[in-house]
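*Asks:* Attaching a single structure in structure tokens format; questions to follow.
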Amino acid sequence: MIAAEGRALTLGLFVAFILITLGITFWARATTRGADDFYAGGRAFSGMQNGVALAGDYMSAASFLGIAGLIALSGYDGFLYSIGFLVAWLLSLLLVELMRNAGRFTMADVLSFRAKRQPGVRTASAISTVTVSVFYLLAQMVGAGALVALLLGIHPGEEFAGVSADAARVLTIIVVGAVMIFYVMFGGMKATTWVQIIKAVLLIASTAVLTVLVLSRFGFNPSAMLGAAAESSARPEGFLRPGGRYGQDVAGDPLQSVLNKLDFISLGVALVLGTAGLPHIVGRFFTVPDARAARRSVNWAIGLVGGFYLMTLALGFGAAALVGHRAITEQDPAGNTAALQLAHALGTHFGGDIGGDVLLAFIGAVAFATILAVVSGLVLASSTSLAHDFFGHVLMFGRPRESQEVAVARISAFCIGTLAIGLAIVARDINVAFLVALAFAIAASANLPAIVLSLFWRRFTSTGAVAGIYGGLGGSILLVALSPVVSGKVDPVTGESLSLLPTGVDFSVFPLENPGLVSIPFGFLCAVLGTLLSSERPERAAFDELSVRSLTGVGSHRPPGRAPKHQRTP
Amino acid sequence: MAAATVRPGAGRMGGECAVIASDRKFRLLRARFQRLVVRFVGVFLGWYLLYLGLSAFARGFMAHSVIGHVNVALLLGVLQFASTFGLAWYYSRYARRMLDPLAAQIRAESASRLGAGRPVGPAGDRAVAGRAAPAGGLS
């Protein structure tokens, strides 16, 4: 899809992005000394900086390319994702100050505040953090591999610069993985945050440019754009209504229709409740000096994420109208290239062939930058949890040397990054898009109950927290394993398997593809039962201390040099 | 810089926190925050679930045209965006006016109590386990 000069330009821009961010990483390496620097960027980012970085962490390539493609092909239903992704931030807004005040680096700091059995809670949350991060990571990295082949226009069987499509994908996964490991290992939270900030600004600015260009083609009349999009779509009748993709009505099968709708609601609920439990988002709550800055950063994130997802409407419907259903599916049946094709079409319209190539190259490079930034955030979150929670508090009984713990964090980043590269190469031919929704479902089922009950329920105990985390984590994974995602879903027309496993294998006893509707209540239930049934007595004094600290900020972790007077060392 | 070297876990500031926890101002702060959380979650989650329910089960209604090609579904979707912005603004305003000043007062009072007594460290905390401020410290 790209001419040779365009390819060179895309690569050039991407290399420029990598060089700039590597420069930042070297600077961050030189200024990163202890754990506060490595895990929390010295807690010195302003509310606005951290808000932009939060938005950067959150707006993955899946939401940029994926949602635009979903809207372009399925119409209205793509928008449902955008809404869930945005509304979710209100829950983070409620929790951010409490968590910033009570915790130090990770979710487990908050959960184990009241815990008698620190190691159990720490281990459970490290396991859940790494699981969520690796699933999400895998989806992004496999996506990166597929994207580069599409971007450079290498179709299966073709070669570009002596590289086949498959080799290009493997190569991309390795390069993306290596750069990501480098950012995190050497630059920690400082480098990762600046990478997010640069990427978020690039992504939002280029989306805004595309949006203005799209709207200008329709005289800035959204209704005209919608009409044109519906007309050139595959089904003009229902394109602008819900039900094109999720919660479909199956003629003559009312049970399946209801199940489809429940599945859709399950997805929506997991999206809204999962965000506040995503480890790479939670880790960012601790990078600001105090709770007010944390609130401000979530407000910034809400503004930016909201504006971005509103603009994806213009990208998606614009691609449907200006590129057309057939041209999009010819390039990629899943629609992931719709935004890129739209950029090409708009550039060509306004600036001729050169304009098309330039705009496409630019948007392509932004998409790469997006993937790179998001995966770095995920690796940082999981290595922080492994080093701080598992190594520091479980293996070293909470008394590690700080330099030791940070060294372990760097090594963990390398190990997790390498693991993710390996898994992504193995899984490169599998459609792993479901892992994003699964990561949200696990975050909502395992992490959220423990966080909410720790902060609000006086009677809650560490046994309850451990039971809730393992119950929610195990429950959601088991339900997905037993769902049509893994086995038993067959295309009624072609007879091909739509599940992970080939046709013939069918152990799908759970009818919903999204486990949230069952696994989230199950996670809460496990946490409550674990508390009530165990003989562990709640630490009520610790709960008082947690609520005092979380609500007032007394005794919270401050950036070096800004500690309030009463926290002086004797 | 005790703040960074103290590790999370119960009991370091237990004495002082127990004093604050029984403070009338703190109870007011907690009550206000809890009421806010209940109202806030009720409104945004209820409104979002209503929207999800309508998208799944009331598709005829959602398909009604409002202006040109803009139908009820699109309008409600954009309203979800508007309500998210509005609720975030409302929460922040409420926190700024009703919560932050209280929290700042509590922090200041606590700081003056501790500052007048003795520096706080793990050892000091154990010493004030009996809740009352150290007798000789406050004049």
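*Asks:* Just one of A:A53, A:A61, A:A68, A:A4 is modelled with pLDDT of 90 or more and farther than 23 Å from A:D109 by Cα; which is it? Quick ask: steps written out before the conclusion?
*Replies:* Working: A:A53 fails: farther than 23 Å from A:D109 by Cα; A:A61 fails: modelled with pLDDT of 90 or more; A:A4 fails: modelled with pLDDT of 90 or more.
Selected residue: A:A68, the only one of A:A53, A:A61, A:A68, A:A4 that is modelled with pLDDT of 90 or more and farther than 23 Å from A:D109 by Cα.
*Asks:* Sticking with this structure for a sec: Residue check: is A:A293 away from every other protein chain (no Cβ under 11 Å), over 24 Å from A:T193 (Cα atoms) and touching a residue at least 12 places away in the same chain (Cβ under 8 Å)? Don't jump to the end; show me each part of the working.
*Replies:* Numbers: away from every other protein chain (no Cβ under 11 Å): yes; over 24 Å from A:T193 (Cα atoms): no; touching a residue at least 12 places away in the same chain (Cβ under 8 Å): yes.
So A:A293 fails the test.
*Asks:* Return the total of residues in region A:90-118 being more than 11 Å from chain B (Cβ to nearest Cβ) and at pLDDT below 90.
*Replies:* 1
*Asks:* Surrounded by 24 or more Cβ atoms within 10 Å (Cβ to Cβ), assigned to a helix (DSSP H, G or I) and acidic (D, E): which single residue out of A:D57, A:D37, A:D77 fits that description? Spell out the reasoning first.
*Replies:* Details: A:D37 fails: surrounded by 24 or more Cβ atoms within 10 Å (Cβ to Cβ); A:D77 fails: surrounded by 24 or more Cβ atoms within 10 Å (Cβ to Cβ).
Testing whether each residue is surrounded by 24 or more Cβ atoms within 10 Å (Cβ to Cβ), assigned to a helix (DSSP H, G or I) and acidic (D, E) leaves just A:D57.
*Asks:* To continue, here is another question. Can you give me the number of residues within region A:220-238 that are buried (at least 21 other Cβ atoms within 10 Å of the Cβ), more than 17 Å from B:L76 (Cα to Cα) and within 11 Å of another protein chain (Cβ to nearest Cβ)?
*Replies:* Of all residues in region A:220-238, those buried (at least 21 other Cβ atoms within 10 Å of the Cβ) come to A:225-226, A:229-230, A:233.
When the remaining residues are screened for being more than 17 Å from B:L76 (Cα to Cα), the result is A:225, A:229-230, A:233.
Right, trim to within 11 Å of another protein chain (Cβ to nearest Cβ) and you get A:225, A:229-230.
The number of residues fulfilling the criteria is 3.
*Asks:* Here's a follow-up. Looking only at region B:12-38, which residues are under 16 Å from the mean Cα position of the chain (by Cα) and within 9 Å of another protein chain (Cβ to nearest Cβ)? Write out each step before concluding.
*Replies:* Applying the first criterion (under 16 Å from the mean Cα position of the chain (by Cα)) to region B:12-38 yields B:21, B:25-38.
Selection gives B:A21, B:F26, B:L29, B:R30, B:F33, B:Q34, B:L36, B:V37.
*Asks:* Is it the case that A:F368 is aromatic (F, W, Y) and modelled with pLDDT of 90 or more?
*Replies:* Working: aromatic (F, W, Y): yes; modelled with pLDDT of 90 or more: no.
Against the criterion (aromatic (F, W, Y) and modelled with pLDDT of 90 or more), A:F368 does not qualify.
*Asks:* Next question. Kindly indicate whether A:V323 is more than 10 Å from chain B (Cβ to nearest Cβ), of a type in the set (A, V, I, L, M) and farther than 30 Å from A:F239 by Cα.
*Replies:* Here the answer is no, as A:V323 does not meet what is asked.
*Asks:* Go through A:R241, A:R217 for me and flag whichever is facing chain B (nearest Cβ under 9 Å) and in contact (Cβ under 8 Å) with a residue 60 or more places away in the chain. Spell out how you get there, then give the answer.
*Replies:* Numbers: A:R217 fails: facing chain B (nearest Cβ under 9 Å).
Exactly one of A:R241, A:R217 is facing chain B (nearest Cβ under 9 Å) and in contact (Cβ under 8 Å) with a residue 60 or more places away in the chain, namely A:R241.
*Asks:* Right, another one. For residues in region A:380-424 being touching a residue at least 12 places away in the same chain (Cβ under 8 Å) and charged (D, E, K, R), which is surrounded by the most Cβ atoms within 10 Å (Cβ to Cβ)?
*Replies:* Going through the qualifying residues, I end up with A:D389.
*Asks:* Name the residues in region B:39-80 that are in contact with a Phe, Trp or Tyr (Cβ under 8 Å, 6 or more places away or on another chain) and either within 7 Å of chain A (Cβ to nearest Cβ) or surrounded by fewer than 17 Cβ atoms within 10 Å (Cβ to Cβ) (or both), would you? It would help to see each step written out before you state the result.
*Replies:* Here is the first cut: in region B:39-80, the ones in contact with a Phe, Trp or Tyr (Cβ under 8 Å, 6 or more places away or on another chain) are B:40, B:52, B:54-56, B:72-74, B:76-77, B:80.
Selection gives B:F40, B:L52, B:L54, B:S55, B:A56, B:A73, B:L74, B:G77, B:Q80.
*Asks:* A further question follows. Consider A:R459 against the criteria (1) in contact (Cβ under 8 Å) with a residue 24 or more places away in the chain; (2) in a helix (DSSP H, G or I): it satisfies all of them except one. Which criterion is unmet?
*Replies:* (2)
*Asks:* How many of the residues making up region A:467-508 are outside any loop (DSSP other than H, G, I, E, B), among the polar types (S, T, N, Q) and under 24 Å from the mean Cα position of the chain (by Cα)?
*Replies:* Looking only at that region, the number is 1.
*Asks:* If you check A:V258, A:V288, which single one turns out to be among the hydrophobic types (A, V, I, L, M, F, W, C) and under 30 Å from A:P492 (Cβ atoms)? So that I can check it myself, show each step before the final result.
*Replies:* Details: A:V288 fails: under 30 Å from A:P492 (Cβ atoms).
Result of the check over A:V258, A:V288: A:V258.
*Asks:* All but one of (1) without any contact (Cβ under 8 Å) to a residue 12 or more places away in the chain; (2) within 14 Å of chain B (Cβ to nearest Cβ) hold for A:Q248, so report the exception by its number.
*Replies:* (1) is the only condition that A:Q248 fails.
*Asks:* Does region A:329-340 hold any residues that are in contact (Cβ under 8 Å) with a residue 40 or more places away in the chain, assigned to a helix (DSSP H, G or I) and surrounded by fewer than 24 Cβ atoms within 10 Å (Cβ to Cβ), and which are they? Write out each step before concluding.
*Replies:* Start the filter on region A:329-340 by keeping residues that are in contact (Cβ under 8 Å) with a residue 40 or more places away in the chain, which leaves A:329, A:331-332, A:334-340.
With the extra rule that they be assigned to a helix (DSSP H, G or I), the set shrinks to A:329, A:331, A:338-340.
Selection gives A:T329, A:Q331.
*Asks:* Just the residues that are more than 8 Å from chain B (Cβ to nearest Cβ), under 15 Å from A:T461 (Cβ atoms) and of a type in the set (D, E, K, R), please, taken from region A:524-563.
*Replies:* Listed by number, the residues that qualify are A:E536, A:R537, A:R540.
*Asks:* Let me ask another. From the list B:S92, B:S83, which one is under 25 Å from A:Y309 (Cβ atoms), facing chain A (nearest Cβ under 7 Å) and at pLDDT 90 or above?
*Replies:* Details: B:S83 fails: facing chain A (nearest Cβ under 7 Å).
B:S92 is the lone residue from the list that is under 25 Å from A:Y309 (Cβ atoms), facing chain A (nearest Cβ under 7 Å) and at pLDDT 90 or above.
*Asks:* Now a separate question. Listed residues A:V272, A:V282, A:V305; which is within 16 Å of the chain's Cα centre (by Cα), away from chain B (no Cβ under 11 Å) and under 14 Å from A:L93 (Cβ atoms)? Can you show your working first?
*Replies:* Values: A:V272 fails: away from chain B (no Cβ under 11 Å); A:V305 fails: away from chain B (no Cβ under 11 Å).
Residue meeting the stated conditions: A:V282.
*Asks:* For the subset of region A:492-551 comprising residues that are β-branched (V, I, T) and without any contact (Cβ under 8 Å) to a residue 60 or more places away in the chain, which member is nearest to A:L271 (Cα to Cα)?
*Replies:* Filtering region A:492-551 down to residues β-branched (V, I, T) leaves A:493-494, A:503, A:505, A:509, A:518, A:520, A:528, A:531, A:548.
Those still in the list that are without any contact (Cβ under 8 Å) to a residue 60 or more places away in the chain too: A:493-494, A:503, A:505, A:509, A:548.
Details: A:V493: 31, A:T494: 32, A:T503: 30, A:V505: 30, A:V509: 23, A:V548: 31 Å.
The qualifying residue nearest to A:L271 (Cα to Cα) is A:V509.
*Asks:* If you check A:I174, A:I154, A:I204, which single one turns out to be surrounded by fewer than 21 Cβ atoms within 10 Å (Cβ to Cβ) and either under 30 Å from A:L313 (Cα atoms) or at pLDDT below 90 (or both)? Walk me through how you get there before you give the answer.
*Replies:* On the way: A:I174 fails: either under 30 Å from A:L313 (Cα atoms) or at pLDDT below 90 (or both); A:I154 fails: surrounded by fewer than 21 Cβ atoms within 10 Å (Cβ to Cβ).
Answer to the check: A:I204.
The values are calculated or read from the model by the stated rules, or taken from the named source; none is laboratory data. Keep in mind it's a predicted model, so treat the numbers as computed, not measured. Cβ coordinates were reconstructed from backbone atoms using ideal geometry, including for glycine residues, and neighbour counts include every protein chain displayed.
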